[in-house]
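Throughout, read-outs are computed from the coordinates displayed, never taken from laboratory work. Since this is a predicted model, take the numbers as computed values, not measurements. Here the Cβ is made from the backbone with ideal geometry for all residues, glycine too, and neighbour counts use every protein chain on show.
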Amino acid sequence: MSLVQVTESQSIATVTLHRPDLRNAFNPEMISQITKAFRQFSASSGIRAIVLRGSGKVFCAGGDLSWMQEMVNYDFAQNKKDAEILFEMFQAILTCPLPVICVVHGAAFGGALGLIAASDYVICEEKTQLCFSEVKLGIAPAVISTFVLQKSNLGLVGPAMLTGHPFTAADAKIMGLVHDICDEESLNDKILTACQWFRDSGPEAVRATKKLIHEISGASPAQAKDAVTQVIAERRVSAEGQEGLKSFLEKRKPSWRLS
């Protein structure tokens, strides 16, 4: 049974969590399918961006109840292996060579915040309720913390992780987890706009930028020097870079723009 649906249209891929009756909650099969879905995208796929969203009334409610019931009987080694597999899912999204647009609506609890944090651009419906719910269950937002703290400041997100208290889309934007907020009626327009940004941009440049900013995040200027100078030199002499610069100077659209 497919718990994750992958479709493609007009150079955009959409990965949809599809367990609407269970609020798109994770179980091992869904985690495996999400990981596989994001690992299948390559830099040469012709896809400009990926939209990650959930079907039904909510984006994702975190861990599935039956999966959590199984965990009660896991020993330490089984729990560690289970957590490593979950980590690999978030890592597959973070390191996917293509930009990921995450669309959040209804609710995002627990591990769903890891999906949000691993994505590159997050659009959130204004009435969405979000929560790092782990401490309320006596556990910790441990696996997702790696990804959350790469995107958010500890002083902003720490209280929400420590208390398990629900917060709003506006709060999530202040934390840096969400980039755009809209009402339900505007959600599709926001998605289309974000997708068009990536259709308008050089696809090689976008992928190179995503790879670079993740590599140098937190690095000192001295550590970053070689990487950043290498990338800009490569982009300037590349066919895409040459076309982009020439089209700008000639006041015409570059050949790679899909608009």
Modelled FRET efficiency - R0 35 Å, Leu22 with Ser42, Cβ distances, 0.05 increments | 0.65
Search the structure for amide H atoms under 5 Å from the amide H of Ala49, placed 1.01 Å from N in the peptide plane, and list their residues when 5 or more places away or on another chain.
-> Ala13
Helix 28-39 versus the longest principal axis of the chain: what is the Cα-based angle in degrees, 0 to 90, to the nearest 10?
-> 10 degrees
Hey, got the Cα dimensions of the stretch 202-249 along the principal axes, in Å, largest first?
-> 34, 17, 14
Exposure proxy order (Cβ contacts within 10 Å, fewest to most) of Phe248, Phe132 = Phe248, Phe132
Would you mind telling me which residue in Phe76, Phe167, Phe198 has the biggest mean-square fluctuation in a Gaussian network model of the chain, where springs connect alpha carbons within a distance under 10 angstrom?
-> Phe76
Distance in nm between pseudo-label sites at Ser259 and His179 (7 Å out along the Cβ direction from Cα) | 1.6 nm
So in the chain, what percent of DSSP beta bridges are antiparallel if you round to the nearest 5?
-> 30 percent
Cα-based Kirkwood hydrodynamic radius, the stretch 55-99, one decimal, Å | 12.6 Å
For Lys225, go through the aspartates and glutamates and keep the ones whose alpha-carbon is under 18 Å away, minus same-chain ones fewer than eight residues off.
-> Glu215, Glu234
What ranking, highest mean first, results for peptides 236-244, 116-124, 145-153, 250-258 when packing means the other Cβ atoms within 10 Å averaged over each residue?
-> 116-124, 145-153, 236-244, 250-258
FRET efficiency for Ala224 and Ser9 from the Cβ-Cβ distance with R0 = 30 Å, rounded to 0.05, comes out at 0.20
Long-range amide H contacts for Ile181: which residues qualify at under 5 Å (H placed 1.01 Å from N, peptide plane, sequence gap of 5 or more or a different chain)?
-> Cys124
Can you list, bin by bin at 5 Å, the percent of alpha carbon pairs in the chain, starting at 0?
-> 1, 6, 12, 16, 18, 16, 12, 8, 5, 3, 1, 0, 0, 0
Taking the chain and counting helices only, DSSP H stretches of n ≥ 4 at -39,500 (n - 2.57) each over all residues, the nearest-500 ellipticity at 222 nm comes to -15000 deg cm²/dmol
Using amide H atoms built 1.01 Å from N in the peptide plane, name the residues 5+ places from Cys102, or on other chains, whose amide H lies under 5 Å from its own.
-> Leu52, Asp120, Tyr121, Val122, Ile123
When Leu156, Leu94, Leu212 are ordered from fewest to most other Cβ atoms inside 10 Å of their Cβ, what list results?
-> Leu156, Leu212, Leu94
FRET E, pair Phe248, Phe76, Förster distance 35 Å, beta-carbon r, rounded to 0.05 = 0.05
